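This report concerns only the one structure given below.
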Amino acid sequence: MDISYIINELGEDREQYFGSVAPPIFQTSMFAFKTTAQMREALQNEAEVPFYTRGNNPTTTILQKKLAALENAEDALVFASGSAAVAAAVMANVQAGDHVVCVLKPYSWTNKLLNLLLARFGVQTTMVDGSEVAHFEAAIQPNTKLIYLESPNSWTFEQQDIAAVAALAKKHQLLTIIDNSYASPLYQNPIGMGIDMVVHSATKYLGGHSDTVAGVVCGSKEMMRKIFHSEFMTIGAVISPFNAWLLLRGLRTLPIRLDRVSQSTAEIIAYLEKHPKVARIFYPFSPSDPQYDLAQKQMCKGAGQFSIALKAETMEEVERFCDGLSRFLLACSWGSYESLIFPACTLYTSENYQNNVLHWSWIRFYIGLEDPQVLIADLEKAFAKMNTPVAQP
Ligand SMILES: *Cc1c(COP(=O)(O)O)cnc(C)c1O
């Protein structure tokens, strides 16, 4: 389907609301019926029609239709956060005694969901290095129910061969879920590669304006119905109609935002690759990346997130570099208009100094919509500050 049709038109029915070009925000908790019979019918059909906003709301429905279409899925469910979407997709499909195979180093709260929360309820998880399909195969047990992927993953942006893992899962009759937040539906479509469910933190590219936390699960109608009647309704991590509307607004510009981000990131990567203070770059679309061929195979383009390892002797040098940047905000998240850095050294405290999996010299970047030359000039200025301690008064 034509992407601009999905973004501009799909799911919208202006005749229902006075020709209003922007869809209305149905800021209501419930919907009223004229007769008992109508109310009964709606209640039988709660997954499909507006009855109560924890289940269905017309503003949110427009968003769900667009997101499903962008991911080539039959249907989608939108949640109050990406983490709620991940949790619902996983929890709806496991029970005590089941086993999950998950790629190493996923998003931190996904890791906690599997290894802390679900472990409490008798679901076991094996974490595997996702660089080889054989590692997934070796981890499969008789009680394995699903394989969870995140490609590229958070911080180090390692990929898994999505089509190959999906084929393996089909052979063993396992469900597959992938967190596709990094690439967005525009740069990678895992359902076409055989994956069952795609989750996104819609807080990132889909929203794109740093003003909304949200998540989505895309998949078959049958699977979305199953999640609707279980975790979606019982846990009730529902998005507000206003936040759904903000996401609809964010979506209108998704293709041009991503184009800009992708192009600027390529320019900045080219600059950093030549820089003597950069020891390593973690970016799947960097020709020097060990998984560059896989990136070309399964993603259309590189997005705006990457990490670097700074050539620094001390954590203080890293801090001087980070504090020397004025056009990058020190913040988590990514995917919006503004450039960000997340230095791994902020995760270090005196207690966990020895066993942190992310080295203190690593910095995660997100490139926003600014002029890339302005960002490069800012980086140049900060590199120059690395070795010059601030004079003590
Ligand atoms: C941010 C993020 C999440 C969690 O999404 P929230 O909207 O913050 O709950 C999940 N996966 C990835 C890859 C993320 O970056």
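Between the amide H of Leu369 and those of Glu338, Ser339, distances stay under 5 Å, these residues lying 5 or more places away or on another chain, with hydrogens modeled in the peptide plane. Say a site is exposed when it is one of the trypsin sites (Lys or Arg not before Pro), sits in a DSSP loop, and has at most 11 other Cβ atoms within 10 Å; what is then the longest site-free stretch of the chain? Value returned for the longest uninterrupted segment is 35-273. Phi angles across the stretch 17-34 convert, under the Karplus curve 6.51 cos²θ - 1.76 cosθ + 1.60 with θ = phi - 60°, into 3J(HN,Hα) values of 9, 6, x, 3, 6, 7, x, x, 8, 7, 7, 9, 8, 8, 10, 9, 10, 7 Hz, Gly and Pro given as x. Once backbone amide H atoms are built at 1.01 Å from N, Trp334 has no partners under 5 Å, excluding neighbours fewer than 5 places away on the same chain. Listed values for the stretch 111-120 are Karplus-derived 3J(HN,Hα) couplings in whole Hz (6.51 cos²θ - 1.76 cosθ + 1.60, θ = phi - 60°), namely 4, 5, 4, 6, 8, 10, 5, 5, 4, 5, and x replaces Gly and Pro.
The long axis of helix 372-385 is offset from the longest Cα principal axis of the chain by roughly 40 degrees. Note on the chain: helix-only mean residue ellipticity at 222 nm, from DSSP H runs of 4+ residues weighted -39500 (n - 2.57) and normalised by residue number, equals -9500 deg cm²/dmol. Along the Cα→Cβ direction, 7 angstrom out, place labels at Ala119 and Tyr292. What is the inter-label distance in nm? Computed distance between label sites Ala119 and Tyr292 equals 3.9 nm. Determine which lysines satisfy two conditions relative to Lys66: a Cα distance under 16 Å, and not lying fewer than 8 residues away in the same chain. Once the sequence-local lysines are set aside, what remains near Lys66 is Lys221. All other residues whose Cβ lies under 14 angstrom from that of Leu272 are scored, Lys and Arg at +1 and Asp and Glu at -1, for a net of 0. Using only the C-alpha atoms, the convex hull of the chain corresponds to 163 Å³ per residue. Under 13 Å from the Cβ of Pro58, count the other residues' Cβ atoms, weight Lys and Arg +1, Asp and Glu -1, and hand me the total. Value of the local net charge: -1. Normalised by the number of residues in the chain, the average gap of Cα pairs under 8 Å and 6 or more apart makes the relative contact order 16 percent. Sequentially through the stretch 59-65, phi angles give Karplus couplings (6.51, -1.76, 1.60; θ = phi - 60°) of 5, 5, 4, 4, 4, 4, 5 Hz, Gly and Pro residues having no value and appearing as x.
Computed over the stretch 254-385, the quotient of the alpha carbon radius of gyration and 2.2 N^0.38 Å is 1.04.
Is there a pair in Lys301/Lys385; Lys274/Lys297; Lys145/Lys226; Lys274/Lys311; Lys311/Lys385 whose C-alpha atoms are over 21 Å apart, and which pairs would that be? Violating the 21 Å Cα-Cα cut-off are Lys301/Lys385; Lys274/Lys297. Placing dummy labels 7 Å off each Cα toward the beta-carbon, the span from Asn45 to Ala384 is 6.7 nm.
Say we join alpha carbon atoms closer than 10 Å with springs in a Gaussian network model of the chain; which of Ala42, Ala89, Ala237 then has the biggest fluctuation? Judging by the Gaussian network model, the answer is Ala42. Taking amide H atoms as placed 1.01 Å from N in the peptide plane, the amide H of Val128 lies under 5 Å from those of Cys102, Val103, Leu104, each 5 or more residues away in sequence or on another chain. Taking the alpha carbon gyration tensor of the stretch 229-274, multiplying each eigenvalue by 5 and rooting it gives semi-axes of 37, 16, 7 Å, largest first. Put simply, the convex hull of the Cα atoms in the stretch 175-265 casts, on average, a shadow of 6.6 nm².
Here the Gaussian network model covers the chain, with springs between Cα atoms less than 10 Å apart; of Met91, Met39, Met193, Met39 fluctuates the most.
Any read-out appearing in this document is the output of simple, stated calculations on the displayed coordinates, not a laboratory observation. No experiment lies behind these values; they were computed from the predicted model shown. Cβ sites come from the backbone with ideal geometry, for glycine too, and all protein chains shown count toward neighbours.
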